[in-house]
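Structure, as C-alpha cells:
The values are calculated or read from the model by the stated rules, or taken from the named source; none is laboratory data. Keep in mind that this is a model prediction, so the values were computed, not measured. No Cβ is skipped: glycine too gets one built from the backbone with ideal geometry, and neighbour counts run over all protein chains shown. Just the protein is used for accessible areas: all its heavy atoms, side chains included, with ligands, DNA and RNA removed. Shrake-Rupley method; radii C 1.70, N 1.55, O 1.52, S 1.80 Å.
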Amino acid sequence: MFNTLIQELQAYRALLVAVSKTHPEFAILKLYEQGQRDFGENRVQELVDKQPELPDDINWHFIGHLQTNKVKYIAPFVHLIHSIDSPRILREINKQAKNNDRIIDCLLQFKIAEEATKYGLSLEEGRQLLESAEYREMENIRLVGVMGMSTYTDDKQQVRREFRRLKSIFDTLKTDYFAEADHFKEISMGMSDDYALALEEGSTIVRIGTLLFGQRDYG
Ligand SMILES: *Cc1c(COP(=O)(O)O)cnc(C)c1O
C-alpha cells in the first residue's frame, strides 16, 4: 500500500503525512524504515510520549484540536501545526515558539464541511486574524497554508464541493495577504477515504491513517 500511495502522490507532488494516532511505535518505525519521515498525531499526550522514543529526524505534524495550555509540550519539536482555529491559539504558539527560540510553521484550519462541525475558521474570521495588529507582530510563527476536513459522507460531489471551497479560500488568502510570500503554498486536505478527490482538487498535503496502519482500535 505504502509504495503505490507514494507513487500516486509523487504525480501530484503532494506530501504524505502518515497519521499514526493510536498506533504503536513499532508500526511507525516500520514505515520509517521504508523512508517515511512525516507523521501526524492529534493528541498532545500521545505525541509527547512517542516523540522521544522515535528517530530525531521525524517531522511531527499536529493535526488535532489544540488547547492553549498544552502548546508548551510540543513547541520544542513540532514541525507543522495544521489546526489553527483561533487567534488565541496562534498567540500561544507564538509565545511558546519564542521561548524555544524557534519559528513554528502553522496552517489555518477552515470549516468547509456542510455538516455542522466544531472546529475551524470562516473565511471572514481568517481575514480578521490576518488583518489584526497582533498577528502582524507575531515573529515566531509562520503561516504556510490552510487545512480542512470534509464531511464524513459517501456523497462524492459534496466532498468535492468542500475541497473546492478550501482551494478557493486558499487562493483568496494567497492573493489578498500572501502574494509575495512563497512559503504560503500548502493545502492540507484528504484522508484515507477521500485523498484521491482531494489531490484532484489541489491538495498539497494528505493526512492518511487507516489506509497505512489499518483500522484504529480505541478500546
Ligand atoms: C485521524 C485523522 C486523519 C486520518 O484519518 P484516516 O481516515 O484514518 O485516514 C486525518 N486528519 C485528521 C485531522 C485526523 O484526525
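For the stretch 91-112, name all the residues that are crowded, with 19+ Cβ neighbours inside 10 Å, of a type in the set (S, T, N, Q) and out of contact with any helix residue (DSSP H, G or I) (no Cβ under 7 Å at 6 or more places or on another chain). Answer for the stretch 91-112, where residues must be crowded, with 19+ Cβ neighbours inside 10 Å, of a type in the set (S, T, N, Q) and out of contact with any helix residue (DSSP H, G or I) (no Cβ under 7 Å at 6 or more places or on another chain): N94, Q109.
Is the stretch 159-175 home to any residue that is on the phi > 0 side of the Ramachandran plot and open to solvent by less than 20 Å² (accessible area, probe 1.4 Å)? The answer is no; no qualifying residue exists. Is it fair to say T172 is β-branched (V, I, T) and away from the ligand (no atom under 12 Å from the Cβ)? So T172 passes the test. Going through R161, R142 one at a time, which residue ends up being of a type in the set (K, R) and in a helix (DSSP H, G or I)? Sole residue among the options that is of a type in the set (K, R) and in a helix (DSSP H, G or I): R161. Residues that are under 14 Å from the mean Cα position of the chain (by Cα) and either in a strand (DSSP E or B) or more than 8 Å from the ligand (Cβ to nearest atom) (or both) within the stretch 199-219 comprise S203, T204, I205, V206, R207, I208, listed in sequence order. Of all residues in the stretch 22-55, those being outside any helix (DSSP H, G or I) and either more than 20 Å from G190 (Cα to Cα) or within 16 Å of the ligand (Cβ to nearest atom) (or both) number 14. Of the strands (runs of 3 or more DSSP E) lying entirely inside the stretch 59-125, those carrying at least 1 residues that are closer than 20 Å to E46 by Cβ and more than 15 Å from the ligand (Cβ to nearest atom) are 59-62, 104-110. Put simply, of Q67, Q51 the only residue that is open to solvent by 20 Å² or more (accessible area, probe 1.4 Å), over 15 Å from I208 (Cα atoms) and either out of contact with any strand residue (DSSP E or B) (no Cβ under 9 Å at 6 or more places or on another chain) or of a type in the set (A, V, I, L, M) (or both) is Q67. For beta carbons closer than 8 Å, sequence separation of 6+ or different chains, a first residue in the stretch 190-212 that is among the hydroxyl-bearing types (S, T, Y) and open to solvent by less than 20 Å² (accessible area, probe 1.4 Å) and a second that is within 11 Å of the ligand (Cβ to nearest atom) and in a helix (DSSP H, G or I), the qualifying pairs are S203/Y195. Hey, does the stretch 164-182 have a residue that's touching a helix residue (DSSP H, G or I) at 6+ places or on another chain (Cβ under 8 Å) and among the acidic types (D, E)? Yes, some residue in the stretch 164-182 is touching a helix residue (DSSP H, G or I) at 6+ places or on another chain (Cβ under 8 Å) and among the acidic types (D, E). Among the candidates E125, E137, E186, E115, the residue that is open to solvent by 10 Å² or more (accessible area, probe 1.4 Å) and in contact with a Gly (Cβ under 8 Å, 6 or more places away or on another chain) is uniquely E186. Taken as a whole, the stretch 140-149 holds no residue that is out of contact with any Asp or Glu (no Cβ under 7 Å at 6 or more places or on another chain), free of Cβ contacts under 8 Å to residues at least 24 places away in the same chain and surrounded by 16 or more Cβ atoms within 10 Å (Cβ to Cβ).
Applying a threshold of 8 Å to beta carbon distances and a minimum spacing of six or more residues, or different chains, the list of pairs starting in the stretch 120-132 at a residue that is under 12 Å from I169 (Cα atoms) and ending at one that is hydroxyl-bearing (S, T, Y) reads L121/S86; L123/T172. Among residues of the stretch 59-72 that are within 22 Å of A18 (Cα to Cα), those with a beta-carbon under 6 Å from a residue that is surrounded by 23 or more Cβ atoms within 10 Å (Cβ to Cβ) and charged (D, E, K, R) at least six positions away or on a different chain give the pairs I63/R207.
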